[in-house]
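Asks: Here you go, one structure.
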Amino acid sequence: MALCLDTHCHLDADEFAADRDGVIERAALSGVSGVLIPAVRARDYLAVKDLAHHAANTLPATCYTLGIHPIYTPEAKESDLATLRESVIDAMDDPRFVGIGEIGLDYFLPELDSHHQAFFFEAQLDLAKEFDLPVILHVRRSQDAILKALRSRKLTGGIAHAFNGSFQQAEQFIKHNFVMGFGGAMTFPRALQIRRLAKDLPLESLVLETDAPDIPPAWLAHQEHHRNEPGELPQISSVLAEIRSSLITQMQSICSSNALRVLPRWASLIKASQITHSTQQ
């Protein structure tokens, strides 16, 4: 069975409060090996860490990152950066901690102040550089500004989550050792740009994600209750396999390997845990 990693799942979200263990169990039954849970605000750090360890009892390759999401910067205080730094120091001994995120810039929501976002984003990039950690990036309509910030720092790389930029922007992220996350949006036949990127970008630059409970795939979008779950990842991977004219297990294995290449602590966790996977085509 191929290693099947969901590189972006907000398993701590309130939408999962009523049946979180059921969501975890369904993901395992569908063939998911583990999920990456990105913390989005300082008050959630301990809960996300505890949840990652709890989920790992069923999804053994589960890990987490710590960060301040741009959507939560209006409520963030400068002291939250100190909390993040202290939490990162504490987490460095935790093999399930794999990087900084979710961080970035969001130029889609008009109520978010661009300068305030940038202050927290750049401080977190500096923290990632200090601790030599990869980052999970939120890049909604902000790819050029994020690339500019990356050019002024030499980071280890990471993931550009839910990527929907241009081919040229993707090439620049690749130069900085980033891979691009593809999930539910790719499953819509009319999402021509995203599907074109999924087809034409180098295979070694792709990773799979759900962004659950958000961005439900096409087969859930018209249901009354269309909450996304990590258990949808194998079917999402089948869409990518179809786009790339590949086998599903091959696509899962390649995308998982790509994630582990840019998130080396995750790779070390899987190796140390002896979580095996097949690379059979």
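Asks: Would you mind telling me which numbered condition in (1) farther than 30 Å from V88 by Cβ; (2) touching a Ser or Thr at 6+ places or on another chain (Cβ under 8 Å) S245 fails?
Replies: (2)
Asks: Of the residues A145, A160, only one is closer than 17 Å to H8 by Cβ and in contact with a Leu (Cβ under 6 Å, 6 or more places away or on another chain); which?
Replies: Result: A160 is the single residue among A145, A160 that is closer than 17 Å to H8 by Cβ and in contact with a Leu (Cβ under 6 Å, 6 or more places away or on another chain).
Asks: Additional query: List pairs: first residue in segment 188-211 and more than 20 Å from P38 (Cβ to Cβ), second residue assigned to a loop (DSSP other than H, G, I, E, B) and modelled with pLDDT of 95 or more anywhere in the structure, Cβ distance under 6 angstrom, at least six positions apart or on different chains.
Replies: I194/N164
Asks: Consider I243 carefully, then state whether it is without any contact (Cβ under 8 Å) to a residue 60 or more places away in the chain and β-branched (V, I, T).
Replies: Criteria met by I243.
Asks: Continuing with this model, one more query. Counting only residues that are without any contact (Cβ under 8 Å) to a residue 40 or more places away in the chain and not in a helix (DSSP H, G or I), which one in segment 219-237 is nearest to G157 (Cα to Cα)?
Replies: Result: H226.
Asks: Step by step: first the residues of segment 77-108, then only those that are free of Cβ contacts under 8 Å to residues at least 40 places away in the same chain, in a loop (DSSP other than H, G, I, E, B) and of a type in the set (D, E, K, R), then the one that is surrounded by the fewest Cβ atoms within 10 Å (Cβ to Cβ). Which residue is that?
Replies: Per the stated criteria, the residue is D93.
Asks: Which of the residues belonging to segment 107-128 are in contact with a helix residue (DSSP H, G or I) (Cβ under 8 Å, 6 or more places away or on another chain), closer than 19 Å to E78 by Cα and not small (G, A, S)?
Replies: L112, Q117, F120, F121, E122, Q124, L125, L127
Asks: Give the residue, chosen from I71, I24, that is hydrophobic (A, V, I, L, M, F, W, C), surrounded by fewer than 21 Cβ atoms within 10 Å (Cβ to Cβ) and out of contact with any strand residue (DSSP E or B) (no Cβ under 6 Å at 6 or more places or on another chain).
Replies: I71
Asks: Here's another thing I want to ask about it. Looking at the structure I just gave you, is A55 under 21 Å from I159 (Cα atoms) and under 17 Å from the mean Cα position of the chain (by Cα)?
Replies: So A55 does not fit the description; no.
Asks: Okay, next question. If you go through segment 64-76 one residue at a time, do you hit one that is more than 15 Å from A259 (Cα to Cα), without any contact (Cβ under 8 Å) to a residue 60 or more places away in the chain and part of a strand (DSSP E or B)?
Replies: yes
Asks: Of the conditions (1) of a type in the set (S, T, N, Q); (2) touching a strand residue (DSSP E or B) at 6+ places or on another chain (Cβ under 9 Å); (3) more than 20 Å from H69 (Cβ to Cβ), S30 fails just one. Which one is it?
Replies: Here S30 meets the rest and fails (2).
Asks: So, of the residues in segment 258-268 that are of a type outside the set (V, I, T), buried (at least 17 other Cβ atoms within 10 Å of the Cβ) and part of a helix (DSSP H, G or I), which turns out to be farthest from the chain's Cα centre (by Cα)?
Replies: By that ranking, first place goes to R265.
The values are calculated or read from the model by the stated rules, or taken from the named source; none is laboratory data. What you see is a predicted model, and the numbers here were worked out from it, not measured in a lab. Methodologically, a virtual Cβ is constructed for each residue, glycine included, from the backbone with ideal geometry; neighbour enumeration extends over all protein chains shown.
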